[in-house]
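The block underneath contains the structure these notes are about, expressed in structure tokens.
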Amino acid sequence: MDVVYFPDDPRPPRWMSPVLALGNFDGLHRGHQKVVERIRRSAADRGATALVLTFDPHPPRVVRPDKAPALLMTMPQKLAALERAGLHGVAVVRFTEAFSRLSPEQFVRQVLVDWLRVSEVWVGADFLFGYERAGTFSVLRALGGQYGFKAEKIDPVRYKEFVVSSTRIRRLLSEGRVDEAGALLGHHYTIDGVVTGGAGRGRTLGFPTANLSTDNELVPPTGVYATTADLQGTRWPAVTNIGVRPTFESAGVLAIETHVLGLTADVYGERLSLSFIQRLRDERRFPDADALREQIAADVRRAGRLFHNISV
């Protein structure tokens, strides 16, 4: 999959009559997936190139940083997910304060027409663009008529009684409702990073843990979760504690500690992807190490029953 950046990179010559999905695509949730599938079908029917255009950094970081949300994905995670979705390429706009001042027509002319030479553009129903978000779908469709491309929109996607949106998913994750967030995403919420050394208490208790250092901005709240851990190309069932270890420390630093069921290898320094399946309980202080050990054993048994009923 080709990845190019505006304004630095030229448009790859092999991109033929691009059919483009335009948006932020944070989380690549069910609504985003519907847009991506639509452009893939349209591009295949026309022998064209299926592309996504997104922005880095996330536009609110530039135009209203005090209200910018924590993101569901890092840029590497987003690009990897878009590649798995079968896209031919991703165009990334380097979003700056100067770029934010482009009018809707300037954005369309400079990026969609002069740079990408699009033949078709798809957006979500609520997507806005250009200076002060003045560009609506009606504006995009009118500009498409002027510059010779087709503009289409996707209606909001609903899952059960909810409209799927990145904002709703962030709220669910911030409340620890990782299973509900996963249902709206269409995949489990995942953070990734590098395994680092810890205090070694988990091994002393009989449940060694991999401590994760992550660049993900949105980490679920403190508590114990059934998770899966992708390590060295293998997916493992796991139990993860996010918290400050109150049994041992009065003012501990937040840590993400994962006990990978069945893993005995040393994984320090390895990349780890952690997917959240279900919240098991709150983190709490125990009277001593023995009581904590018993609770961890119960957590592992509960997670094991859960994993027995689902495909890891």
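The values are calculated or read from the model by the stated rules, or taken from the named source; none is laboratory data. This is a predicted model, so every value here is computed, not measured. When we count neighbours, we look across all protein chains shown, and the Cβ atoms used for this are built from the backbone with ideal geometry, even at glycine.
Conditions tested, residue by residue: (1) surrounded by fewer than 22 Cβ atoms within 10 Å (Cβ to Cβ); (2) in the same structural domain as Glu97 (by TED's automatic domain parsing); (3) under 14 Å from Glu120 (Cβ atoms); (4) of a type in the set (S, T, N, Q).
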site	(1), (2), (3), (4)
Met16	yes, yes, yes, no
Leu20	no, yes, yes, no
Gln33	yes, yes, no, yes
Asp45	yes, yes, yes, no
Pro60	yes, yes, no, no
Pro69	yes, yes, no, no
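Out of all the residues in segment 145-154, is one or more closer than 15 Å to Lys34 by Cα and under 21 Å from the mean Cα position of the chain (by Cα)? For segment 145-154, residues closer than 15 Å to Lys34 by Cα and under 21 Å from the mean Cα position of the chain (by Cα): present. Looking across segment 246-259, just one residue is buried (at least 21 other Cβ atoms within 10 Å of the Cβ) and among the hydroxyl-bearing types (Ser, Thr, Tyr), and that is Thr258.
A quick yes/no check of all residues on (1) under 23 Å from Val219 (Cα atoms); (2) part of a helix (DSSP H, G or I); (3) of a type outside the set (Ser, Thr, Tyr):
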site: Leu20; (1), (2), (3): no, no, yes
site: Asn24; (1), (2), (3): yes, no, yes
site: Gly27; (1), (2), (3): yes, no, yes
site: Gly31; (1), (2), (3): yes, yes, yes
site: Arg41; (1), (2), (3): no, yes, yes
site: Phe55; (1), (2), (3): yes, no, yes
site: Arg61; (1), (2), (3): yes, yes, yes
site: Asp66; (1), (2), (3): yes, yes, yes
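Looking only at residues of segment 75-124 that are buried (at least 19 other Cβ atoms within 10 Å of the Cβ) and polar (S, T, N, Q), we find that the one that is nearest to Pro7 (Cα to Cα) is Ser119. The residues listed here are Gly233, Gly262, Gly243; of these, the one that is within 20 Å of the chain's Cα centre (by Cα), surrounded by fewer than 23 Cβ atoms within 10 Å (Cβ to Cβ) and in the same structural domain as Val195 (by TED's automatic domain parsing) is Gly233. Of the strands (runs of 3 or more DSSP E) lying entirely inside segment 71-166, the ones with 1 or more residues being modelled with pLDDT under 95 and not acidic (Asp, Glu) are found at 120-124, 150-154.
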